[in-house]
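J.: Have a look at this one.
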Amino acid sequence: MFSLERWQEIFETISKNKLRTFLTGFSVGSGIFILVILLGVSVGFQNGIENQFQNDAENIINIYPGETSIEYEGFNEGRRIQLKNEDYALVTKSSSNEIEYSSSMYQIFAGLITYKSESGSYRVEGVMPDYQFLEKAEIIEGRFINTNDLDGNEKYVVIGNRVKKDLFKEGSPIGKQVKISGLNFKVIGVYTDPGGDREEGRVYVPLTTAQIVFGAGTDIRSIGLTLPKEDNYDLALKNSSAFAAKIEQLLKKKLQIAPKDESAIYINNNIENTKEVYILIGAMRVFFWGVGIATLLAGIIGVSNIMLIIVKERTKEIGIRKALGAEPLSIVGMILHESIFVTAISGLLGLIFGLVLLEVVGPYIELDFIRNPSVNFSIAVSTLILLIAAGAIAGFFPAWRGAKIKPIDALRDE
Amino acid sequence: MIEIKDLHKSYKMGKNSLHVLKGINFSVKEGELVSIMGSSGSGKSTLLNILGMLDEADSGSYTLDGVPIKNLNEKLAAQYRNKFLGFIFQSFNLINYKSALDNVALPLYYQGVNRAERMERSMAYLEKVGLAKWASHKPNELSGGQKQRVAIARALASDPKVLLADELTGALDSKTSYEIMDLIQQINDEGRTILVVTHEEDIAQMTKRIVNLKDGVIIDDKYVNQVRAIQNV
Ligand SMILES: Nc1ncnc2c1ncn2[C@@H]1O[C@H](COP(=O)(O)OP(=O)(O)O)[C@@H](O)[C@H]1O
Ligand SMILES: [Mg+2]
């Protein structure tokens with residue numbers, strides 16, 4: 001396979017039979033192209049569905065405090081539990097390599113926000129940078145809160161699209177000063193949220209700033225986090241349930257809550273509500289892969305057929321080669337090599353073409369059920385491996401046929 | 001060089017079996033130029049194919065340059081063909097998308113000779129058959145005589161023990177045929193063993209020995225006074 005001599009021989013054959021090479025290549029190239037587009041659209045569908053059905057990350061786990069219902073370690077029942085920064089630190093540090101995104105949150109429900117003569121009452125939430133992903137907030141202008149903002153207790157605010165419409169009418173709000181509870185905040189970003197108007201009627205400020213401004217000390221209202229996504233719903237559910245149980249135990253111990261107390265800590269595991277979405281997305285993926293593979297298979301069969309015709313057309317040549325000393329294995333090698341080479345090159349072209357198309361056109365596609373179709377790198381790589389295999393499979397039967405050609409039959413003068 | 005004893009070959013066709021070679025005994029010494037004569041269908045090509053290891057006899061023995069040719073698998077047959085034999089066909093059998101030079105170089109490719117040396121040696125053989133200037137031309141740009149010269153150069157390229165030619169002038173006019181036979185005679189003069197299958201008397205007379213085949217047996221095997229082809233051109 002790596003002999004230079006054979007490469008030269010193959011290259012000569014291919015370059016001197018351009019039409020044939022083109023026809024073979026075209027069917028594989030277009031097959032891969034279609035596969036890539038299909039996979040991209042499938043991802044787009046997935047994005048679209050997740051967006052339609054879920055306001056927040058579908059695998060979010062929310063932790064809220066409540067009131068104790070059992071007396072424990074000298075504490076009376078009916079004690080209000082207050083979460084603090086240290087509890088957030090405990091939760092995240094204990095499982096830092098299991099957690100994908102995490103943020104604690106402190107909010108006031110009716111903050112008066114004023115810009116020039118316009119004003120309104122909105123929910124003000126002090127959050128951390130990851131909150132954007134937990135909420136599925138999408139920045140449409142400016143940026144979200146970052147770690148520097150937290151460290152510097154910056155008086156920055158990211159406003160929801162509805163807030164923008166209410167207060168700013170027209171023009172960009174970025175860089176403008178608004179008053180929140182009488183204090184000046186600079187607008188650094190605008191977001192939209194699949195939760196619609198309700199969730200776009202909020203503003204986000206750095207958690208640290210919120211705690212200072214609202215006199216909350218180190219108090220937090222809730223903790224939100226996600227685990228990395230799993231394709232398999234049952235596995236996702238199992239992982240997150242186990243994780244939730246672990247966190248609950250940890251917090252109960254730290255906050256001196258009876259292990260059996262059901263009302264002191266609430267852990268809301270959103271994934272329990274998303275089974276349908278998982279199933280739908282799973283079915284979708286199976287469907288698109290199925291169609292894609294079928295397309296590719298058709299391509300492979302096409303190539304195989306073309307190669308068979310080529311072998312038939314080259315019967316005489318193969319007979320000549322054998323008479324001159326070509327061993328059967330070298331004929332197999334020649335045909336396979338040619339098949340894999342042509343399939344790989346043309347498939348690569350189809351792949352690149354498909355990826356470029358998705359890259360260029362994808363971001364503009366924002367239909368209700370298709371959002372940002374794209375293909376990730378690992379899928380591209382597996383497609384490539386699939387291609388090499390496809391070339392080998394496509395070349396196998398023709399090669400076998402070629403190896404069985406008897407020179408005496410091939411060379412008989414008619 | 002070649003020694004065959006009691007060679008039999010029949011073709012099965014459905015229930016019938018056609019007995020083509022019925023006990024051939026014959027041997028060829030090094031440096032001979034032999035023609036195998038006979039009417040069409042007498043089994044000449046069948047015999048040559050067996051000698052060329054393109055086909056197998058049903059029974060009998062065959063020794064080539066001291067090597068018993070028996071129970072060859074395809075791989076070994078290919079190696080022996082490459083090492084021992086050069087083929088020249090009636091219809092030339094050149095690869096039509098390859099240049100004359102690349103056609104000549106093909107046996108050397110299968111010998112594992114590197115490209116530079118392949119090209120150098122092939123060029124020398126093309127020169128020998130008078131086609132150096134045509135090295136880069138494809139077969140369809142060459143005349144019949146030129147094609148057969150390329151084929152002869154190719155047969156010589158691997159420096160085989162024996163050249164086997166089946167009706168090598170069958171597709172050529174008589175003038176060109178004689179030119180080709182002149183080339184064959186020159187190659188034989190250098191000591192190469194050559195077997196020529198033909199049904200044309202004048203071609204046979206240009207070899208040194210005529211073996212006559214009829215109904216699957218040799219009916220006549222005699223040395224003749226070689227007619228030099230050059231005198232007829
Ligand atoms: N593969 C084959 N199958 C069946 N019959 C064959 C085959 N090859 C040759 N024959 C028959 O064997 C006989 C001898 O053929 P061949 O050796 O080609 O004769 P020649 O070369 O003397 O004309 C012919 O009758 C031919 O039809
Ligand atoms: Mg014949």
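J.: Looking at (1) at pLDDT 80 or above; (2) hydrophobic (A, V, I, L, M, F, W, C); (3) more than 30 Å from A:ALA389 (Cβ to Cβ); (4) within 16 Å of the chain's Cα centre (by Cα), which is the one condition that is false for A:ALA57?
T.: Every condition holds for A:ALA57 apart from (1).
J.: Within segment A:28-49, can you find the residues that are within 8 Å of A:PRO373 (Cα to Cα) and among the hydroxyl-bearing types (Ser, Thr, Tyr)?
T.: A:SER42
J.: Okay, next question. Might you check whether a residue that is in contact (Cβ under 8 Å) with a residue 24 or more places away in the chain and among the acidic types (Asp, Glu) occurs anywhere in segment A:311-318?
T.: Scanning segment A:311-318 turns up no residue that is in contact (Cβ under 8 Å) with a residue 24 or more places away in the chain and among the acidic types (Asp, Glu).
J.: Just need a number here: residues in segment A:94-112 that are modelled with pLDDT of 90 or more and out of contact with any Lys or Arg (no Cβ under 7 Å at 6 or more places or on another chain).
T.: Summing the residues that are modelled with pLDDT of 90 or more and out of contact with any Lys or Arg (no Cβ under 7 Å at 6 or more places or on another chain) in segment A:94-112 gives 6.
J.: Still on this model: Residues B:LYS75, B:LYS12: which one is away from ligand 2 (no atom under 16 Å from the Cβ), without any contact (Cβ under 8 Å) to a residue 40 or more places away in the chain and within 13 Å of chain A (Cβ to nearest Cβ)?
T.: B:LYS75
J.: Has segment B:63-71 got at least one residue that is open to solvent by 50 Å² or more (accessible area, probe 1.4 Å) and within 11 Å of another protein chain (Cβ to nearest Cβ)?
T.: No: zero hits.
J.: Sticking with this structure for a sec: Output the qualifying pairs, or none if there are none: Cβ atoms under 7 angstrom, residues six or more apart or on different chains, first residue in segment B:152-169 and over 15 Å from B:LEU126 (Cβ atoms), second residue away from ligand 1 (no atom under 16 Å from the Cβ) and of a type in the set (Lys, Arg).
T.: What qualifies is B:LEU163/B:ARG192.
J.: Within segment B:113-136, does at least one residue satisfy the condition of being at the interface with another protein chain (Cβ under 9 Å from one of its Cβ atoms) and in contact (Cβ under 8 Å) with a residue 24 or more places away in the chain?
T.: no
J.: Could you list all residues from segment B:190-205 that are of a type outside the set (Gly, Ala, Ser) and touching a strand residue (DSSP E or B) at 6+ places or on another chain (Cβ under 8 Å)?
T.: Of everything in segment B:190-205, those that are of a type outside the set (Gly, Ala, Ser) and touching a strand residue (DSSP E or B) at 6+ places or on another chain (Cβ under 8 Å) turn out to be B:ARG192, B:THR193, B:ILE194, B:LEU195, B:VAL196, B:VAL197, B:THR198, B:HIS199, B:GLU201, B:ILE203.
J.: Something else about it: Filter segment B:158-179 down to residues that are at pLDDT 95 or above and either in contact with a Lys or Arg (Cβ under 7 Å, 6 or more places away or on another chain) or surrounded by fewer than 18 Cβ atoms within 10 Å (Cβ to Cβ) (or both), then give me how many there are.
T.: Looking only at that region, the number is 1.
Residue by residue, here is whether (1) at pLDDT below 80; (2) within 16 Å of ligand 2 (Cβ to nearest atom); (3) in contact with a Lys or Arg (Cβ under 9 Å, 6 or more places away or on another chain); (4) among the hydroxyl-bearing types (Ser, Thr, Tyr) holds:
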| residue | (1), (2), (3), (4) |
| --- | --- |
| A:ALA326 | no, no, no, no |
| A:SER346 | no, no, no, yes |
| A:VAL375 | yes, no, no, no |
| A:LEU384 | yes, no, no, no |
| A:PHE396 | no, no, no, no |
| A:ALA399 | no, no, no, no |
| A:ALA403 | no, no, no, no |
| A:ASP409 | no, yes, no, no |
| A:GLU414 | yes, yes, no, no |
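J.: For segment B:80-110, name all the residues that are more than 7 Å from chain A (Cβ to nearest Cβ) and among the polar types (S, T, N, Q).
T.: Within segment B:80-110, B:ASN96, B:SER99, B:ASN103 qualify.
J.: Would you please name the residue that is farthest from ligand 2 (Cβ to nearest atom), looking only at residues in segment B:36-62 that are in contact (Cβ under 8 Å) with a residue 60 or more places away in the chain, open to solvent by 30 Å² or more (accessible area, probe 1.4 Å) and more than 9 Å from every other protein chain (Cβ to nearest Cβ)?
T.: Looking at the filtered set, the residue picked out is B:SER39.
J.: Something else: Taking segment B:166-198 as the search range and keeping residues that are within 14 Å of ligand 1 (Cβ to nearest atom) and more than 13 Å from chain A (Cβ to nearest Cβ), which one is nearest to B:ASP65 (Cα to Cα)?
T.: Restricting attention to segment B:166-198, the residues satisfying the condition of being within 14 Å of ligand 1 (Cβ to nearest atom) are B:166-168, B:170, B:195-198.
If we keep only those that are more than 13 Å from chain A (Cβ to nearest Cβ) as well, we get B:195-196, B:198.
Numbers: B:LEU195: 14, B:VAL196: 18, B:THR198: 24 Å.
Applying the filter and picking the extreme gives B:LEU195.
J.: Name every residue in segment A:114-136 that is buried (at least 22 other Cβ atoms within 10 Å of the Cβ) and in contact with a strand residue (DSSP E or B) (Cβ under 6 Å, 6 or more places away or on another chain), in order of residue number.
T.: Applying the first criterion (buried (at least 22 other Cβ atoms within 10 Å of the Cβ)) to segment A:114-136 yields A:122, A:124-128, A:131-132, A:134-135.
Passing the criteria: A:TYR122, A:VAL124, A:GLU125, A:GLY126, A:VAL127, A:MET128, A:TYR131, A:LEU134.
J.: Which residues, counting only those in segment B:10-38, are over 18 Å from the mean Cα position of the chain (by Cα) and within 7 Å of ligand 1 (Cβ to nearest atom)?
T.: Result: B:TYR11, B:MET13, B:LEU18, B:VAL20.
J.: Look at A:ARG80 and say whether it is surrounded by fewer than 21 Cβ atoms within 10 Å (Cβ to Cβ) and touching a strand residue (DSSP E or B) at 6+ places or on another chain (Cβ under 6 Å).
T.: Considered against the rule, which asks whether it is surrounded by fewer than 21 Cβ atoms within 10 Å (Cβ to Cβ) and touching a strand residue (DSSP E or B) at 6+ places or on another chain (Cβ under 6 Å), A:ARG80 comes out as yes.
J.: Suppose we keep only residues that are within 14 Å of chain B (Cβ to nearest Cβ) and touching a helix residue (DSSP H, G or I) at 6+ places or on another chain (Cβ under 8 Å) within segment A:265-320. Which one would you say is modelled with the lowest pLDDT?
T.: Among those that are within 14 Å of chain B (Cβ to nearest Cβ) and touching a helix residue (DSSP H, G or I) at 6+ places or on another chain (Cβ under 8 Å), it is A:ILE310.
J.: Got a sec? Which helices (runs of 4 or more DSSP H) wholly within segment A:1-110 have at least 3 residues that are away from chain B (no Cβ under 14 Å)?
T.: Ranges flagged: A:18-53, A:85-94.
J.: Take the conditions buried (at least 19 other Cβ atoms within 10 Å of the Cβ), outside any helix (DSSP H, G or I), assigned by TED's automatic domain parsing to the domain that holds A:ARG79 and on the phi < 0 side of the Ramachandran plot and apply them to A:ILE257. Does it pass?
T.: Against the criterion (buried (at least 19 other Cβ atoms within 10 Å of the Cβ), outside any helix (DSSP H, G or I), assigned by TED's automatic domain parsing to the domain that holds A:ARG79 and on the phi < 0 side of the Ramachandran plot), A:ILE257 qualifies.
Residue-wise test of (1) among the aromatic types (Phe, Trp, Tyr); (2) farther than 30 Å from B:ALA157 by Cα; (3) surrounded by fewer than 20 Cβ atoms within 10 Å (Cβ to Cβ).
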| residue | (1), (2), (3) |
| --- | --- |
| A:LEU308 | no, yes, yes |
| A:ILE345 | no, yes, yes |
| A:VAL361 | no, yes, yes |
| A:ALA394 | no, yes, no |
| A:ILE408 | no, no, yes |
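The values are calculated or read from the model by the stated rules, or taken from the named source; none is laboratory data. Here the structure is a predicted model, which is why all the values come from computation and not from measurement. All Cβ positions, glycine included, derive from the backbone under ideal geometry; neighbour counts span all protein chains shown. With ligands, DNA and RNA removed, areas are computed over all heavy atoms of the protein, side chains included. Shrake-Rupley method; radii C 1.70, N 1.55, O 1.52, S 1.80 Å.
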